[in-house]
Amino acid sequence: MSQAYKTTGIVLKSMPLGEADRLIIILSPEKGLIRAIAPSSRKNKSPLSGRSELFMVNQFLIIKGHSLDKIAQAETLQFYPGLRKELVKLAAAQYLSELILKLSIDEQPQEELYELLNEHLRRLEKMSLAENLYGYLAQAIFHFLIVTGIGPQIYQCCLTQEKLTPNFKNPDWQVGFSHEMGGLINLNSLAYTNKALTVFSVPLINYKLQATDLVLLQNLNQSYLPHAGKLLPSNVLSQDFIVPWQKIEHLLRDYTQYQLGCSFQSVVLIDSLPNLEF
């Protein structure tokens with residue numbers, strides 16, 4: 001006798017299967033990643049047609065199968081039509097979806113990750129044309145990394161465990177970031193040996209951050225995207241100052257790819273778009 005179960009989930013990926021079916025991957029707060037067949041969903045008159053599209057949030061009735069589950073019913077609870085109206089937003093949503101696919105676990109509850117994904121998709125959908133997409137992406141990546149337990153160390157040096165605070169008084173001040181070590185490195189700590197003759201192994205420094213970069217990175221844990229004008233000294237905010245969100249996003253992207261041992265295909269489209277500040 002077939003086993004059936006109900007679950008809420010958001011469609012992260014949808015692929016053609018056979019003549020009229022789709023294979024979809026769903027993120028469920030109760031069951032993590034689910035791979036299921038949406039039968040006849042490529043037929044226009046199928047009740048599963050629109051409900052198996054990307055970023056549709058449904059209440060599913062699913063029949064357990066030997067290799068793949070099968071969707072029997074789906075009732076739409078929420079969707080994000082604004083993501084499809086602008087190529088930049090759609091590309092960003094696909095990037096977040098790809099990241100979640102890499103971070104999620106099959107058959108394990110993923111409630112916090114599920115809620116975060118929906119929250120960041122809502123933010124993308126509402127994002128105005130005057131805002132920088134890289135800032136939104138940087139904070140989404142950071143939040144996802146924290147809840148999955150692989151967030152970088154951004155408050156202390158990974159070698160010495162000393163607290164690192166941005167220094168705006170010294171224009172040449174910098175701090176390193178190492179994917180290998182998992183976060184910040186005090187560059188001065190690489191230049192000496194302590195009295196016990198313990199020599200620090202020299203990690204590869206993937207990025208060098210200035211005080212402005214570090215302030216933004218250390219404030220990504222907030223509920224909303226931090227406003228540079230409220231964080232940075234007035235003398236930094238000159239007329240030609242550009243908030244370095246792109247650098248922060250690239251740092252977190254590269255760090256995530258290093259930790260997961262993979263590369264993200266969807267970022268190729270994002271980086272090819274000419275103006276991410278619209």
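Quick look at the numbers
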quantity: GLU86 farther than 30 Å from GLN259 by Cα, over 19 Å from the mean Cα position of the chain (by Cα), not basic (Lys, Arg) and not assigned by the TED database to the domain that holds GLN3; calculated: yes
quantity: Any hit, region 127-136, residues being open to solvent by 20 Å² or more (accessible area, probe 1.4 Å), in contact with a Gly (Cβ under 9 Å, 6 or more places away or on another chain) and touching a residue at least 24 places away in the same chain (Cβ under 8 Å); calculated: no
quantity: Residue ID - nearest to LYS102 (Cα to Cα), chosen from residues in region 228-237 that are open to solvent by less than 60 Å² (accessible area, probe 1.4 Å) and in a loop (DSSP other than H, G, I, E, B); calculated: LEU232
quantity: Verdict on VAL215 being without any contact (Cβ under 8 Å) to a residue 24 or more places away in the chain and not in a loop (DSSP other than H, G, I, E, B); calculated: no
quantity: Near pairs, Cβ below 8 angstrom, 6+ apart or cross-chain, from region 1-22 (not assigned by the TED database to the domain that holds SER49) to any residue that is in a strand (DSSP E or B) and open to solvent by less than 60 Å² (accessible area, probe 1.4 Å); calculated: none
quantity: Inter-residue pairs, beta-carbon under 9 Å, first free of Cβ contacts under 8 Å to residues at least 24 places away in the same chain and in region 87-100, second open to solvent by less than 10 Å² (accessible area, probe 1.4 Å), 6+ apart; calculated: LEU90/LEU83
quantity: Condition met for LEU101 (surrounded by fewer than 20 Cβ atoms within 10 Å (Cβ to Cβ) and either on the phi < 0 side of the Ramachandran plot or in a loop (DSSP other than H, G, I, E, B) (or both)); calculated: yes
quantity: Filter result for GLY151 (at pLDDT 95 or above, in contact with a helix residue (DSSP H, G or I) (Cβ under 6 Å, 6 or more places away or on another chain) and surrounded by 16 or more Cβ atoms within 10 Å (Cβ to Cβ)); calculated: yes
quantity: Within region 74-98, considering residues that are touching a helix residue (DSSP H, G or I) at 6+ places or on another chain (Cβ under 9 Å) and farther than 20 Å from ALA140 by Cβ, the one surrounded by the most Cβ atoms within 10 Å (Cβ to Cβ); calculated: ALA74
quantity: Pick from region 241-268, criterion open to solvent by 20 Å² or more (accessible area, probe 1.4 Å) and of a type in the set (Ser, Thr, Tyr), ranking: nearest to GLY151 (Cα to Cα); calculated: TYR258
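The values are calculated or read from the model by the stated rules, or taken from the named source; none is laboratory data. Treat the numbers as computed from the prediction; the structure is a model and nothing was measured. Because the Cβ atoms are built from the backbone with ideal geometry, glycine has one as well, and the counts that use them run over all protein chains shown. Just the protein is used for accessible areas: all its heavy atoms, side chains included, with ligands, DNA and RNA removed. Shrake-Rupley method; radii C 1.70, N 1.55, O 1.52, S 1.80 Å.
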